[in-house]
Amino acid sequence: MTPAQLRAFAATVRLGSVKGAAADLAVTEAAVSTHIAHLRRELGDKLFTRTRHGLAFTPGGLRLASRATEMLGLQDLTVIEVRQAGSGRRLLRVAASSLFAEYAAAGLIEVFARRADDLDVELSVHDPQRFGSLLVARAVDVAIGPPPATVGDAMTCTPFLNYQVITVVGPDHPLAVGGAGAGAAELREQTWLLGPSAVGRLGMVPTVLRRLGVPEHNQRIFQSHAAALDEAKRGKGVALAVVFAVAKELADGDLQQLNGPQLPARGSWNLLALADRETTPAAAELRRFVTTPRATQAMLRGANGVTAGRFRPAIHVTLWS
């Protein structure tokens with residue numbers, strides 16, 4: 001089996017068709033079919049058959065799909081480790097939910113990276129629903145965000161920071177006048193100003209929106225949570241905010257908290273990693289460090305507590321849409 005053959009098969013499984021795999025890999029459909037034909041001959045298994053409903057995978061095909069993802073991930077990880085050995089540096093790849101990345105990641109990464117001169121940290125933002133597949137494929141070393149629905153034996157989940165989400169409006173918003181309270185029906189009718197964490201199913205923000213029954217046509221999604229809050233300060237609508245991140249705005253009167261059903265909502269951030277025998281030393285070190293008081297203090301400082309010049313590692317942020 002060659003890496004090219006495994007990539008062709010893994011892409012076919014992930015996208016559900018040879019045509020989709022060819023487009024994803026930027027090769028011809030004939031090339032993908034040739035790679036899969038070689039795998040079939042070598043393994044003595046059809047791997048999948050075509051039906052009018054799509055591809056139907058054999059038990060052997062499903063087993064190969066799982067192994068292919070792991071083997072390709074290990075290949076990529078090996079390349080990184082060899083390069084690190086040559087340069088004398090280590091790389092920790094962190095996937096994060098957009099809410100954690102914006103409000104708490106900067107302080108955590110700065111303090112953690114300062115503990116080791118040979119460590120670089122790469123931060124990327126992903127939909128939390130992808131955390132499991134990213135870890136299994138060795139595309140990242142740890143993932144930080146809301147608690148997953150389930151955690152298998154291959155992974156560990158470490159809760160480390162609880163937080164509250166509240167509803168806020170600007171001082172000139174109609175709901176801010178005379179009591180700062182609103183019912184569910186009244187809240188549903190408002191324009192909701194939301195950051196990227198509102199996209200998807202996992203996390204506190206989508207959970208609150210579902211509980212309140214906010215219709216999609218009343219939701220406006222911004223590129224950052226800070227941008228949504230800026231619009232809320234101008235009285236353009238209602239926003240959801242992490243309490244520790246807006247403490248100053250609340251104290252200064254730039255934002256006002258609304259009381260209503262399902263609010264405030266309480267959530268937690270969790271660190272996901274592969275099981276001990278599979279995880280990298282840097283990932284295991286972060287898993288231990290993230291529960292310490294020093295880490296908590298750094299995260300609660302938020303973006304205001306860290307300047308760009310304080311970062312020692314190379315930080316790369318990839319936003320998803």
The answer for the net charge of residues other than residue 212 whose Cβ lies under 15 angstrom from its Cβ, with Lys and Arg +1 and Asp and Glu -1, is 0
Residues in region 116-132 reached by a label modelled at residue 55 [backbone nitrogen below 19 Å; 7 Å Cα→Cβ]: none
Shape verdict for the chain, please, from the Cα gyration tensor: rounded (a/c under 1.5), prolate (a/b greater than b/c) or oblate. oblate
Sorted by chain and then number, the residues having a modelled amide H within less than 5 Å of the amide H of residue 138, at least 5 places away or on another chain, are none
For region 42-50, Karplus-derived ³J(HN,Hα) couplings (6.51, -1.76, 1.60; θ = phi - 60°; whole Hz; x for glycine and proline) come out as 5, 8, x, 9, 5, 6, 7, 10, 8
Among 289, 260, 224, whose Cα projects farthest towards the positive end of the dipole of region 220-290, with charges put on the beta-carbon of Lys, Arg (+1) and Asp, Glu (-1)? 260
At 7 Å along Cα-to-Cβ for each site, give me the label-to-label distance between residue 67 and residue 115 in nm. 3.8
Förster-model FRET efficiency, 45 Å R0, residue 17 and residue 82, C-beta, rounded to 0.05: 0.85
How do 24, 117 rank by accessible surface area computed with a 1.4 Å probe, from largest to smallest? 117, 24
Can you tell me which lysines have their Cα less than 23 Å from the Cα of residue 19? Leave out same-chain residues fewer than eight positions away. 46
Using 1/(1 + (r/R0)^6) with R0 = 35 angstrom and r between the beta carbons of residue 43 and residue 201, what's the FRET efficiency to the nearest 0.05? 0.45
Sort region 92-143 into rounded, prolate or oblate with this rule: let a ≥ b ≥ c be the square roots of the eigenvalues of the Cα gyration tensor; rounded if a/c is under 1.5, and if a/c is not under 1.5, prolate when a/b is larger than b/c, oblate otherwise. oblate
Report, ordered by chain and residue number, the lysines lying within cross-link reach of residue 248, taken as a straight Cα distance under 30 Å and ignoring same-chain residues fewer than 8 apart. 233, 236
Which one of 113, 71, 48 has its Cα pushed farthest toward the positive end of the charge dipole of region 20-168, where Lys and Arg give +1 and Asp and Glu give -1 at the Cβ? 48
Rounded to the nearest 10 Å², what accessible area does residue 48 have for a 1.4 Å probe in the complete protein model? 10
Qualifying trypsin sites (Lys or Arg not before Pro) in region 109-147, DSSP loop, other Cβ atoms within 10 Å at most 12: 115
Suppose every K and R has +1 on its Cβ and every D and E has -1 on its Cβ; what is the size of the dipole of the chain about the Cα centre, in Debye to the nearest 20? 660
Amide H neighbours of residue 120 at under 5 Å, excluding residues fewer than 5 places away on the same chain, with H built from the backbone geometry, are 90, 91, 92
Distance between modelled label sites at residue 150 and residue 262, nm, 7 Å Cα→Cβ extension: 2.6
Once you have the Cα-Cα distance between residue 210 and residue 2, take 0.36 nm times their residue separation minus that, and quote the gain in nm to one decimal. 70.3 nm
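The values are calculated or read from the model by the stated rules, or taken from the named source; none is laboratory data. Fair warning: this is a prediction, and the values are worked out from it, not measured in the lab. Every residue, glycine among them, receives a Cβ derived from its backbone with ideal geometry; neighbour counts consider all protein chains shown. Side chains are part of the model used for accessible areas, which takes the heavy atoms of the whole protein and leaves out ligands, DNA and RNA. Shrake-Rupley method; radii C 1.70, N 1.55, O 1.52, S 1.80 Å.
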